[in-house]
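The values are calculated or read from the model by the stated rules, or taken from the named source; none is laboratory data. These numbers were taken from a predicted model, which means no experiment stands behind them. Counting neighbours? That spans all protein chains shown, and the Cβs are built from the backbone with ideal geometry, glycine included.
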């Protein structure tokens, strides 16, 4: 999982209900025309703008690309970050850029921890002149983390995710995050190289917070392994060693 949500939006439906049901029944695939070059945005506190590369994968038609920012509750916002341009035309098969710009209000954000936002990119197809046409637009939603300059990772430092601990409470493991960073857990297994636990649902643990894993502790055994998403979209693994109800990460040998 890449922490990337694709939402189908019906822009115009001129066909009959019967035709729509037929299309749904045969399961025609929907492919995004406007592609984004990443699955998350890290906005460092010492930056004024972050540029995202987009491209129109459709070789025949131009598309509009609309971008905006939401807060952690899903509310569309105009500050402390804004998207420029908010709407642009991307020619067939061509690349372009979207810029996320910080405003003065960004200085008021907490400086002792990350702040979560969401970047949204919606493609708007050209209007069709053909009758009985179903047009589908896709929307990409990815996480955006504002990271204060003081929290910039030190070169050659161990990943901060290695500071996570687990606490067994009944038949659940609780993930404890003592760091000032968000951590997204995407897989849990019983030991290094083990098969992912059935029914596991990815979760994001906020800075200085805890959250339970949704699978049983029994399914993860006494030496659980968790995979997380790093700044680059990779999925490193954390292997834990438990003593009683407390588990700590086994550091990766340098």
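Numbers below:
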read-out: Cross-chain or 6+ apart pairs with Cβ under 6 Å, the stretch 72-91 first and within 19 Å of residue 147 (Cα to Cα), then at pLDDT 95 or above and in a loop (DSSP other than H, G, I, E, B); value: 79/103; 80/103
read-out: Checklist (1) touching a strand residue (DSSP E or B) at 6+ places or on another chain (Cβ under 6 Å); (2) assigned to a loop (DSSP other than H, G, I, E, B) applied to residue 79, failing item; value: (1)
read-out: Scan of the stretch 196-246 for residues that are part of a helix (DSSP H, G or I) and either surrounded by 15 or more Cβ atoms within 10 Å (Cβ to Cβ) or touching a helix residue (DSSP H, G or I) at 6+ places or on another chain (Cβ under 7 Å) (or both), ordered by number; value: 217, 219, 220
read-out: Residue check for residue 166: within 22 Å of residue 39 (Cβ to Cβ) and part of a strand (DSSP E or B); value: no
read-out: Residue among 143, 172, 192 that is in contact (Cβ under 8 Å) with a residue 40 or more places away in the chain, touching a strand residue (DSSP E or B) at 6+ places or on another chain (Cβ under 8 Å) and closer than 23 Å to residue 110 by Cα; value: 143
read-out: Single unsatisfied condition, residue 111 versus (1) part of a helix (DSSP H, G or I); (2) surrounded by 13 or more Cβ atoms within 10 Å (Cβ to Cβ); value: (1)
read-out: Flag if residue 118 is farther than 30 Å from residue 218 by Cα, touching a strand residue (DSSP E or B) at 6+ places or on another chain (Cβ under 8 Å), crowded, with 19+ Cβ neighbours inside 10 Å and in contact (Cβ under 8 Å) with a residue 60 or more places away in the chain; value: no
